[in-house]
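Written out below as structure tokens is the structure these notes cover.
The values are calculated or read from the model by the stated rules, or taken from the named source; none is laboratory data. Worth saying up front: this structure is predicted, and the values here are computed from it rather than measured. Note that each Cβ is placed from the backbone with ideal geometry, even for glycine, and that neighbours are counted across all protein chains shown. Keep in mind that these areas ignore ligands, DNA and RNA; they rest on the heavy atoms of the full protein, side chains included. Shrake-Rupley method; radii C 1.70, N 1.55, O 1.52, S 1.80 Å.
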Amino acid sequence: MIKTTPFYPRLEQLSQAKLWGHWSGYLSALRYDLSSKHEYFGIRNAAAFFDASPLYKYWVRGRDAERFLSYVMARDIRALRPGRAQYTIWCDDAGYVMEDGVVFRYASDEFMLTAARSNLGYLRSLARRFDVEIIDCSEEFGVLAVQGPRSRAIVAALAPEIVDLRYFGFLQAKIANYPVTISRTGFSGDLGFELLIPADGALDVLDALLEVGTPHGLRPFGEEALNMTRIEAALPLIGVEFESSRYAFTSEQRFTPNELGLTWLLKGIEDDSRPFIGRQAILREMAEGSSRWATVGITIARQDYYDLYASHGIIPVPSEIPVPWESMMYNANGKRIGYATSLMYSPALQRHIGLARIKPKYAEPGTVVYIEQTVDHEYVNVAAEVTSLPFYSPERKTAMP
């Protein structure tokens, strides 16, 4: 039976499109407006909110909570102070990425982990030799992500203490008389905040946000607009940029942190005092230079794209909706060298952009490659350029007011 989130009664009223998908057994809006581009510009120019309640949420508590997470997570959690959060990944013994999530540290012995996929059984199987308790609290809370340049003004109208909240910091406040954890996080690559709200207070908190947010243009947005913004921000999405190594059949379906462009998470990996799962395999890969892939950005040459369609007598209609398949990539000799996992026309950048997995020898920014398109039922290639990531990262995302 498909479930609904604590916010659904209000969100169903706000939806014009009545277009819903499924996320972890819940109804999740693909879009609310008749055009997802309207929601996209709501995020980039004003403020919009996303119902992220289907995220799995786990309390990790106990004397060994830090030691346990240091063993499981590839990113070092030991320097994380209470009131701070961090994006992280966890790997298998062979150094392949299993999944990703965000860890919030509430106290020396209390953390919360949020993730897009279920990990309860896996985490509990690893916790047996630690003095730690893993508690699934997924249904106890709703999550609202308020994103965009006006998000601070909206949230601060209800919780003034968030004005000085640093990027990836969080605090506890009260909104509509309910205790709410507010973090300066999000998946849009813009200024934003996420609210962890007790399920029984979800509608009251949402109504309070709508009341103060309406003058700022606050609106809901769905998965389509979120996908557009996260590609511009170069944020990997499980099920698109990668799949959990737990469910892979072959090595071609598994990827290491280096191959996914997540090497920055491995700071301090040389420290022998933290033997996390997959560490030795990752160190070997680094020492041998054996990464099969590099993750890069690509931008399609604007004029070449239009000339390609014009040569077939067609007027191109660039679509901001990411294509739901991998787009093959080639070198100048027509040899396949990789593929784009996400490809879209960016409304803000006014060009086609993509996240791509490419052979490392072609990963230098400025390298010209060719990406496959379908025109008049033929596969044809158009020039693209390798670029550094992210495509979009406004100063306001991390800046203080």
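For Leu283, the criteria (1) open to solvent by 20 Å² or more (accessible area, probe 1.4 Å); (2) over 30 Å from Ala173 (Cα atoms); (3) part of a loop (DSSP other than H, G, I, E, B); (4) among the hydrophobic types (A, V, I, L, M, F, W, C) hold in every case but one, which is (3).
Of all residues in the range 105-141, those satisfying the criterion of being without any contact (Cβ under 8 Å) to a residue 60 or more places away in the chain and of a type in the set (S, T, N, Q) are Ser108, Thr114, Ser125. Would you point out the residue of the range 106-125, among those that are assigned to a strand (DSSP E or B) and among the small types (Gly, Ala, Ser), that is farthest from Trp23 (Cα to Cα)? Per the criteria, the residue is Ala107. Taking the range 339-356 as the range and being assigned to a loop (DSSP other than H, G, I, E, B) and without any contact (Cβ under 8 Å) to a residue 60 or more places away in the chain as the test, only Gln350 passes.
For first residues located in the range 34-61 and touching a residue at least 60 places away in the same chain (Cβ under 8 Å) and over 16 Å from Arg152 (Cβ atoms), partners that are open to solvent by 10 Å² or more (accessible area, probe 1.4 Å) and part of a helix (DSSP H, G or I) and lie 6+ apart or on another chain with Cβ distances below 7 Å form the pairs Ser36/Glu224; Phe50/Leu226; Tyr56/Ser138; Lys57/Ser138; Tyr58/Leu120. For the range 286-303, the set of residues classified as closer than 28 Å to Leu226 by Cα and either modelled with pLDDT of 95 or more or assigned to a helix (DSSP H, G or I) (or both) consists of Trp293, Ala294, Thr295, Val296, Gly297, Ile298, Thr299, Ile300, Arg302, Gln303, listed by residue number. Residue count for the range 7-21 under the criterion of being open to solvent by less than 60 Å² (accessible area, probe 1.4 Å), touching a Phe, Trp or Tyr at 6+ places or on another chain (Cβ under 8 Å) and part of a loop (DSSP other than H, G, I, E, B): the result is 2.
Reported count of residues in the range 109-124, each being in contact with a helix residue (DSSP H, G or I) (Cβ under 7 Å, 6 or more places away or on another chain) and either open to solvent by 30 Å² or more (accessible area, probe 1.4 Å) or closer than 21 Å to Asn258 by Cβ (or both), is 2. Only a single criterion out of (1) modelled with pLDDT of 95 or more; (2) more than 30 Å from Arg152 (Cα to Cα); (3) of a type in the set (A, V, I, L, M, F, W, C); (4) open to solvent by less than 70 Å² (accessible area, probe 1.4 Å) is not satisfied by Met344, namely (2).
Of the residues making up the range 31-64, those that are closer than 13 Å to Leu226 by Cβ, charged (D, E, K, R) and assigned to a strand (DSSP E or B) are Arg31, Asp51.
Within the range 65-83, the residues that satisfy the criterion of being outside any loop (DSSP other than H, G, I, E, B) and open to solvent by less than 20 Å² (accessible area, probe 1.4 Å) are Ala65, Phe68, Leu69, Ser70, Val72, Met73. Selection of the range 250-263 for residues being within 16 Å of Glu99 (Cα to Cα) and either in a loop (DSSP other than H, G, I, E, B) or not polar (S, T, N, Q) (or both) yields Arg254, Phe255, Thr256, Pro257, Asn258, Glu259, Leu260, Gly261, Leu262. Return the total of residues in the range 154-174 being among the aromatic types (Phe, Trp, Tyr) and part of a loop (DSSP other than H, G, I, E, B). Count: 2. Residue selection: Arg274 fails the criterion of being open to solvent by less than 20 Å² (accessible area, probe 1.4 Å), touching a residue at least 40 places away in the same chain (Cβ under 8 Å), in a helix (DSSP H, G or I) and basic (Lys, Arg).
Out of the range 285-338, which residues are in contact (Cβ under 8 Å) with a residue 24 or more places away in the chain and closer than 30 Å to Tyr71 by Cα? Of everything in the range 285-338, those that are in contact (Cβ under 8 Å) with a residue 24 or more places away in the chain and closer than 30 Å to Tyr71 by Cα turn out to be Glu285, Met286, Ser291, Arg292, Trp293, Ala294, Thr295, Val296.
Note on the range 142-179: residues that are of a type outside the set (S, T, N, Q) and either closer than 22 Å to Ala233 by Cα or surrounded by 22 or more Cβ atoms within 10 Å (Cβ to Cβ) (or both) total 17.
If you filter the range 84-105 down to residues that are part of a strand (DSSP E or B) and in contact with a Ser or Thr (Cβ under 6 Å, 6 or more places away or on another chain), you find that the one that is most open to solvent (accessible area, probe 1.4 Å) is Val102.
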